[in-house]
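Have a look at the structure below, then the notes.
No lab work stands behind these numbers, since they all come straight from the coordinates. Keep in mind that this is a model prediction, so the values were computed, not measured. Don't worry about glycine lacking a Cβ; one is built from the backbone with ideal geometry, like all the others, and counts go over all protein chains shown.
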């Protein structure tokens, strides 16, 4: 079953007089439980595609169906709800909220979906255990290593049990060992049936993913399928 | 929704707590703004209420006529031997009673300041020569004994009613009733005790009595002594003599004051005009003055309104300044937390969630500031009352008003920063370091 389906997705920006086609005619389909990497040089439209897939931005042309629902023309309130419920973000620089402790950070997406406090607290604890941070739940992000922070971010991305996990260079800020550990965690999530879409420069990720979309000049240049 | 709101408020409180010093300093603006609104209104209300009470004591249905010394006469008669006569007369009192229909009561009064003795204790008193129906017009009530009677008037009885402050001053242990007190060189028997009257109700030393208050031998007035008007006339006459630089200054004044009570407050002002015309015909020199307490009351109300507007604007400005301080800090906070806003948006926060988050912080600041402001605003008037000997009245409505204003300030000045936070592009916000 297709979780992500785009039809002729395009995004234009008006830069003064000039119109920049950051993305044009992108039609991709990603199935349930797939592990996909999006690769390409800077300015190839990877980030634009990621922002569209993450419902942080809306396409100028084309359609985007997420879990069968057209999310390409929604108002702010609905779009925010889609982000909160169906998408789990993992950022390059972790993007944890500095003044909140681990548990509170994991709870953030649940707050916005109206999960009762006791329930969200228990779930956050459980997720922290799941990513191997059960003993440090009251620490602040600054007290953790980069790899540990990224684990918190992964736990947070899983909080509302989203349809897809979107990663933007999840290992970009990490040393190779921590990076490998994070990739192992992501592999484990994939084995549990999660759908993963990662934007990366990292060849290691490219090799772990089932399919790699190579982008160039705002288009999907070629699709590489790894034989796992 | 309610659940989300509750957690948002909790979040706001937490983030304020994280920046305790900043939050405290920001809220101080509101604390002082609210405190000043309440304190200023309390001081203003206290002052005006005191004025109104003083005026009300004069009686809203009363018109007070007072003898004043015509200014230009003093030098003209300085070296003559003749007696200078001026002021209100018994004939005036008669005329007023018989010619003006709306007049209910006329109380003619003779006022002078004298030394009074009981045994070896002395006091300066205001001697009031008056009529039995004095108590119908003036707010004097009898606590013991009796007031003046028509018989006292007819037989010029040397009886006196003294008020409470004087009784306490002259009679330490003895019962005043039935004893004789010496007023100047005459003896009067005390037959009644009356309540004290504020200075505004009697003529007072600065009033019309001052013109011939020859008896004043220094010292503050300890109280009032009421005696029959007829007895006053017999005992002390109407001519007072002063020796100034070898010249002999004699003055003849029949009455210091005539209080006219009319049927209702509606006819106070027309009657005032009639009185002016009536008396003006018999007094070529302007030797009397008309005081209308009702007019004073209205004037006091006007003054109060102006006073309130001035105080209100000062307080409003201070609240405005406090509010701008808050807006400033909130704008700084928003720009400092741009990234956090981006993260929250990516994790499912709607624009409204972000507005509530920042608005709740501003509201928490202003409302706690407002609460502390109320406390300070309640204490401040007490200190003013205690130190400045000024009456203050804190009304419930001023508290509600001040708190309401602080909430309004919070919403007004919190709205813009919150709106700015909410409308930021999440992608841009996430990119910000």
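Laid out as a table, the results:
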read-out: 0 to 90° range, to nearest 10: angle between helix A:102-112 axis and chain A longest Cα axis; value: 50
read-out: When the convex hull of its Cα atoms is projected in every direction, mean area for the range A:165-228 (nm²); value: 4.6
read-out: Within chain B, percent of DSSP bridges classed antiparallel, to nearest 5; value: 75
read-out: Normalised contact order of the range B:296-433, rounded percent, pairs of Cα under 8 Å and 6 or more residues apart; value: 45
read-out: Cβ neighbours within 10 Å from other chains - mean over A:74-81; value: 4
read-out: Cα-Cα P(r), the range A:75-190, percent of pairs per 10 Å interval; value: 15, 49, 31, 5, 0
read-out: Estimated 222 nm signal from helices in chain B, with DSSP H stretches of n ≥ 4 weighted -39500 (n - 2.57), rounded to 500; value: -18000 deg cm²/dmol
read-out: Residue exposure sequence - B:330, A:215 - by fewest surrounding Cβ within 10 Å; value: A:215, B:330
read-out: Kirkwood estimate for chain A, i.e. one over the average of 1/r between Cα atoms, Å; value: 18.0
read-out: Cα-based helix-to-principal-axis angle, B:2-18 vs chain B, degrees rounded to 10; value: 80
read-out: Kirkwood-based Rg to Rh ratio, chain B, C-alpha trace; value: 1.25
read-out: Spatial separation of Cα centroids for the range B:126-166 and the range B:296-349, in angstrom; value: 59
read-out: Residue mean of other protein chain beta carbons inside 10 Å, B:420-428; value: 2
read-out: Crossing angle, helix B:396-422 versus chain B [Cα axis fit, 0-90 degrees, rounded to tens]; value: 20
read-out: Of B:145, B:246, B:237, the one that fluctuates the most in a GNM where chain B has Cα springs shorter than 10 Å; value: B:246
read-out: Rounded to whole Å, sorted largest first: equivalent-ellipsoid semi-axes of the range B:311-429, Cα gyration tensor; value: 38, 12, 10
read-out: Kirkwood Rh and Cα Rg combined as Rg/Rh, the range B:353-408; value: 1.18
read-out: Ranking of A:201, A:21 by count of other Cβ atoms within 10 Å, fewest first; value: A:201, A:21
read-out: Tensor-based shape of the range A:126-197 (alpha-carbon gyration tensor, a/c under 1.5 rounded, otherwise prolate or oblate); value: oblate
read-out: Extension gain (nm, one decimal) between residue A:204 and residue A:69, 0.36 nm per residue minus Cα-Cα; value: 45.3 nm
read-out: Rg(Cα)/(2.2 N^0.38 Å) for the protein assembly as shown, N = residue count; value: 1.73
read-out: Kirkwood Rh in Å, taken over the range B:1-67 so that all alpha-carbon pairs contribute; value: 16.8
read-out: Most mobile listed residue (B:62, B:328, B:120) in chain B, GNM with C-alpha springs under 10 Å; value: B:120
read-out: Mean separation of Cα contacts under 8 Å, 6 or more apart, over the residue count of chain B: relative contact order %; value: 31
read-out: Taking chain A and dividing mean pair separation by its residue count, relative contact order in percent (alpha carbons under 8 Å, at least six apart); value: 28
read-out: Helix-only [θ]222 nm of chain A, DSSP H runs n ≥ 4, -39500 (n - 2.57) each, per residue, nearest 500; value: -10500 deg cm²/dmol
read-out: Mean projected area in nm² (Cα convex hull; one quarter of hull surface) for the range A:86-145; value: 4.4
read-out: Whole-Å distance, taken between Cα centres, linking the range B:1-54 and the range A:172-228; value: 55
read-out: Residues A:186, A:166, sorted so that the one with the fewest Cβ neighbours within 10 Å comes first; value: A:186, A:166
read-out: Global size of the range A:1-120 as Cα Rg and Dmax, reported in angstrom; value: 16.3, 53
